[in-house]
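Colleague: Sharing a structure with you now.
The values are calculated or read from the model by the stated rules, or taken from the named source; none is laboratory data. All values reported here derive from a predicted model rather than from experimental measurement. Backbone-built Cβ (ideal geometry, glycine too); neighbour counts: all protein chains shown.
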Amino acid sequence: MNTSFRVFLILAFFVVAWGTGCASSKVPEAAVAAELAAARTAIAQADQALAGEYSALDLRNARQKLEQAQAAVDQGERQRAMRLAQQAAVDAELAQVKARSTQAQQAVDEVQESIRVLRAEIERNRRGSGQ
(Lines give C-alpha, C1' and ligand atoms only; values in the text may rest on other atoms or scores of the structure.)
Protein backbone atom coordinates (compact mmCIF):
# COMPACT_ATOMS: atom_id res chain seq x y z
CA MET A 1 0.00 0.00 0.00
CA ASN A 2 1.60 3.30 -1.00
CA THR A 3 2.01 6.21 1.37
CA SER A 4 -0.52 8.47 -0.32
CA PHE A 5 -3.20 5.82 -0.01
CA ARG A 6 -2.36 5.28 3.68
CA VAL A 7 -2.59 9.00 4.34
CA PHE A 8 -5.94 9.04 2.54
CA LEU A 9 -7.20 6.17 4.71
CA ILE A 10 -6.08 7.91 7.89
CA LEU A 11 -7.76 11.14 6.87
CA ALA A 12 -10.93 9.28 5.88
CA PHE A 13 -10.97 7.62 9.29
CA PHE A 14 -10.61 11.04 10.89
CA VAL A 15 -13.58 12.43 8.97
CA VAL A 16 -15.76 9.46 9.92
CA ALA A 17 -14.65 9.56 13.54
CA TRP A 18 -15.19 13.30 13.74
CA GLY A 19 -18.67 12.99 12.26
CA THR A 20 -19.55 10.23 14.69
CA GLY A 21 -18.29 12.31 17.61
CA CYS A 22 -20.38 15.28 16.59
CA ALA A 23 -23.51 13.17 16.24
CA SER A 24 -23.71 12.35 19.92
CA SER A 25 -24.83 15.01 22.35
CA LYS A 26 -23.63 13.26 25.51
CA VAL A 27 -20.28 11.57 25.35
CA PRO A 28 -19.58 9.06 28.14
CA GLU A 29 -16.55 9.83 30.27
CA ALA A 30 -15.18 6.33 29.59
CA ALA A 31 -15.30 6.95 25.84
CA VAL A 32 -13.32 10.15 26.23
CA ALA A 33 -10.79 8.38 28.44
CA ALA A 34 -10.41 5.66 25.82
CA GLU A 35 -9.83 8.22 23.05
CA LEU A 36 -7.26 10.05 25.18
CA ALA A 37 -5.48 6.75 25.83
CA ALA A 38 -5.56 5.90 22.12
CA ALA A 39 -4.07 9.30 21.28
CA ARG A 40 -1.31 8.85 23.88
CA THR A 41 -0.53 5.41 22.45
CA ALA A 42 -0.44 6.76 18.89
CA ILE A 43 1.95 9.52 19.98
CA ALA A 44 4.19 7.00 21.75
CA GLN A 45 4.27 4.84 18.63
CA ALA A 46 5.11 7.86 16.50
CA ASP A 47 7.95 8.66 18.90
CA GLN A 48 9.26 5.10 18.52
CA ALA A 49 9.14 5.52 14.74
CA LEU A 50 11.33 8.63 15.11
CA ALA A 51 8.54 10.88 13.87
CA GLY A 52 10.08 13.74 15.82
CA GLU A 53 13.01 13.59 13.42
CA TYR A 54 11.12 12.92 10.18
CA SER A 55 7.70 14.51 10.74
CA ALA A 56 8.11 16.93 13.61
CA LEU A 57 5.24 19.24 12.67
CA ASP A 58 2.64 16.47 12.57
CA LEU A 59 3.88 15.06 15.87
CA ARG A 60 3.83 18.51 17.47
CA ASN A 61 0.26 19.00 16.22
CA ALA A 62 -0.72 15.68 17.77
CA ARG A 63 0.75 16.66 21.13
CA GLN A 64 -0.94 20.06 21.06
CA LYS A 65 -4.32 18.53 20.25
CA LEU A 66 -3.87 16.00 23.04
CA GLU A 67 -3.16 18.86 25.47
CA GLN A 68 -6.23 20.70 24.19
CA ALA A 69 -8.31 17.54 24.60
CA GLN A 70 -7.18 17.19 28.20
CA ALA A 71 -8.02 20.85 28.83
CA ALA A 72 -11.47 20.28 27.32
CA VAL A 73 -12.00 17.34 29.69
CA ASP A 74 -11.00 19.54 32.60
CA GLN A 75 -13.60 22.08 31.45
CA GLY A 76 -16.30 19.42 31.10
CA GLU A 77 -16.41 19.63 27.30
CA ARG A 78 -16.43 15.91 26.57
CA GLN A 79 -17.57 16.13 22.97
CA ARG A 80 -14.83 18.61 22.13
CA ALA A 81 -12.31 16.51 24.07
CA MET A 82 -13.33 13.43 22.13
CA ARG A 83 -12.93 15.19 18.79
CA LEU A 84 -9.53 16.63 19.74
CA ALA A 85 -8.28 13.28 21.03
CA GLN A 86 -9.31 11.65 17.77
CA GLN A 87 -7.55 14.37 15.81
CA ALA A 88 -4.44 13.93 17.96
CA ALA A 89 -4.41 10.20 17.23
CA VAL A 90 -4.77 10.80 13.49
CA ASP A 91 -2.00 13.41 13.50
CA ALA A 92 0.27 11.00 15.38
CA GLU A 93 -0.51 8.18 12.96
CA LEU A 94 0.20 10.49 10.04
CA ALA A 95 3.53 11.45 11.61
CA GLN A 96 4.37 7.77 12.07
CA VAL A 97 3.48 6.91 8.45
CA LYS A 98 5.55 9.81 7.15
CA ALA A 99 8.51 8.82 9.32
CA ARG A 100 8.38 5.19 8.22
CA SER A 101 7.99 6.26 4.59
CA THR A 102 11.04 8.52 4.80
CA GLN A 103 13.06 5.76 6.47
CA ALA A 104 12.02 3.27 3.80
CA GLN A 105 12.97 5.70 1.03
CA GLN A 106 16.37 6.24 2.66
CA ALA A 107 16.90 2.47 2.77
CA VAL A 108 15.96 2.19 -0.92
CA ASP A 109 18.37 5.01 -1.77
CA GLU A 110 21.19 3.24 0.12
CA VAL A 111 20.53 -0.05 -1.66
CA GLN A 112 20.45 1.69 -5.04
CA GLU A 113 23.76 3.42 -4.26
CA SER A 114 25.29 0.08 -3.25
CA ILE A 115 24.11 -1.47 -6.51
CA ARG A 116 25.58 1.43 -8.47
CA VAL A 117 28.94 1.00 -6.72
CA LEU A 118 28.92 -2.76 -7.30
CA ARG A 119 28.11 -2.31 -10.99
CA ALA A 120 30.95 0.19 -11.34
CA GLU A 121 33.33 -2.23 -9.64
CA ILE A 122 32.21 -5.09 -11.91
CA GLU A 123 32.75 -2.90 -14.96
CA ARG A 124 36.26 -1.92 -13.77
CA ASN A 125 37.10 -5.58 -13.19
CA ARG A 126 35.87 -6.50 -16.69
CA ARG A 127 37.98 -3.78 -18.27
CA GLY A 128 41.01 -4.73 -16.21
CA SER A 129 40.84 -8.40 -17.18
CA GLY A 130 40.32 -7.62 -20.88
CA GLN A 131 36.83 -9.07 -21.24
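Colleague: From the list Val90, Val117, exactly one residue is surrounded by fewer than 20 Cβ atoms within 10 Å (Cβ to Cβ), β-branched (Val, Ile, Thr) and assigned to a helix (DSSP H, G or I). Which is it?
Modeller: Val117
Colleague: Oh, and also: Among the residues of segment 44-53, is there at least one that is modelled with pLDDT under 95, on the phi > 0 side of the Ramachandran plot and hydrophobic (A, V, I, L, M, F, W, C)?
Modeller: The answer is yes, given that some residue of segment 44-53 is modelled with pLDDT under 95, on the phi > 0 side of the Ramachandran plot and hydrophobic (A, V, I, L, M, F, W, C).
Colleague: Still on this structure: Given the conditions (1) more than 13 Å from the chain's Cα centre (by Cα); (2) surrounded by 11 or more Cβ atoms within 10 Å (Cβ to Cβ); (3) hydrophobic (A, V, I, L, M, F, W, C), and given that Val97 satisfies all but one, which numbered condition is not satisfied?
Modeller: Status for Val97: all satisfied but (1).
Colleague: Turning to a different aspect of this structure: Do you know which of the residues in segment 61-87 that are closer than 26 Å to Gln48 by Cβ and in contact (Cβ under 8 Å) with a residue 40 or more places away in the chain is surrounded by the fewest Cβ atoms within 10 Å (Cβ to Cβ)?
Modeller: So, considering only residues that are closer than 26 Å to Gln48 by Cβ and in contact (Cβ under 8 Å) with a residue 40 or more places away in the chain, the one surrounded by the fewest Cβ atoms within 10 Å (Cβ to Cβ) is Val73.
Colleague: Just the residues that are assigned to a loop (DSSP other than H, G, I, E, B) and farther than 19 Å from Arg80 by Cα, please, taken from segment 23-62. Spell out the reasoning first.
Modeller: Residues of segment 23-62 that are assigned to a loop (DSSP other than H, G, I, E, B), as a first pass: 24-28, 49-50, 55.
Hits for segment 23-62 are Ala49, Leu50, Ser55.
Colleague: Against the condition modelled with pLDDT of 95 or more, assigned to a helix (DSSP H, G or I) and not hydrophobic (A, V, I, L, M, F, W, C), how does Arg6 come out, does it pass? Break it down stepwise before answering.
Modeller: Values: modelled with pLDDT of 95 or more: no; assigned to a helix (DSSP H, G or I): yes; not hydrophobic (A, V, I, L, M, F, W, C): yes.
It is false that Arg6 is modelled with pLDDT of 95 or more, assigned to a helix (DSSP H, G or I) and not hydrophobic (A, V, I, L, M, F, W, C).
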